[in-house]
Structures are given as structure tokens and as C-alpha cells.
Amino acid sequence: MGFDDKAENKFEELSGEAKEKYGEATDNEDLEAEGSVDKAKANLKQAGEKVKDAFS
């Protein structure tokens with residue numbers, strides 16, 4: 001997994017977490033859900049890259 005991929009996935013994870021927290025703070029369930037989805041996608045990408053690296 002390249003450094004760029006790691007950085008991009010981590011940024012997406014943190015961005016999702018920020019959206020989720022902001023949604024909680026403002027009682028915006030849509031934003032909270034969107035942040036949760038973004039965070040989950042980033043975590044899934046990271047897991048896929050780790051598996052790919054294990055077989056490389």
C-alpha cells in the first residue's frame with residue numbers, strides 16, 4: 001500500500017469521523033449517517049489494501 005493511498009484513506013476516515021461528530025452535535029441525523037458511511041468506506045479500503053499487501 002503506497003503512502004498516498006494510506007494518507008488518502010486516513011483523511012477520508014477522519015473526514016467521516018468529523019462529519020459524524022458534527023452531525024451528532026447539531027442533531028443532524030443525515031450528516032451523522034453520511035459521516036458513518038464515509039468512515040466505513042475508508043476502513044474497508046484500508047482493510048483491502050492490507051490484504052493486497054499481505055499477498056504481494
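Available extension along the chain between PHE3 and ALA18 is 3.2 nm, counting 0.36 nm per residue and deducting the alpha carbon span. So how far, in whole Å, is the C-alpha centre of the range 1-20 from the one of the range 40-56? For the range 1-20 versus the range 40-56, the Cα centre distance is 13 Å. Phi angles across the range 46-56 convert, under the Karplus curve 6.51 cos²θ - 1.76 cosθ + 1.60 with θ = phi - 60°, into 3J(HN,Hα) values of 4, 5, x, 5, 5, 5, 4, 5, 5, 9, 8 Hz, Gly and Pro given as x.
For the chain, the alpha carbon convex hull comes to 44 Å³ per residue, rounded to a whole number. The length gained on full extension between ALA25 and ASP53, counted as 0.36 nm times the residue separation minus their Cα-Cα distance, comes to 6.3 nm. For the chain, chymotrypsin sites (Phe, Trp or Tyr not before Pro) are listed when DSSP marks them as loop and at most 13 other Cβ atoms sit within 10 Å of their Cβ; the list is PHE55.
Compared with the dominant Cα axis of the chain, that is its longest principal axis, helix 3-25 is turned about 20°. Sequence-ordered 3J(HN,Hα) estimates for the range 28-34 from the Karplus curve with 6.51, -1.76 and 1.60 and θ = phi - 60° stand at 9, 5, 5, 5, 4, 5, 4 Hz, glycine and proline given as x. Neighbours of ASN43 by Cβ distance under 14 Å: Lys/Arg scored +1, Asp/Glu scored -1, total -2. Working note: 222 nm ellipticity from helices only, DSSP H runs with n ≥ 4, each -39,500 (n - 2.57), summed and divided by the residues of the chain, gives -31000 deg cm²/dmol to the nearest 500. For the chain, averaging the sequence separation of C-alpha pairs within contact (under 8 Å, six or more residues apart) and dividing by the residue count gives a relative contact order of 39 percent.
Since every read-out is calculated from the coordinates, none of them should be taken as a lab result. Everything numeric in this text was worked out from a predicted model, so none of it was measured. Every residue, glycine as well, gets a Cβ built from its backbone with ideal geometry; the counts of neighbours run over all protein chains shown.
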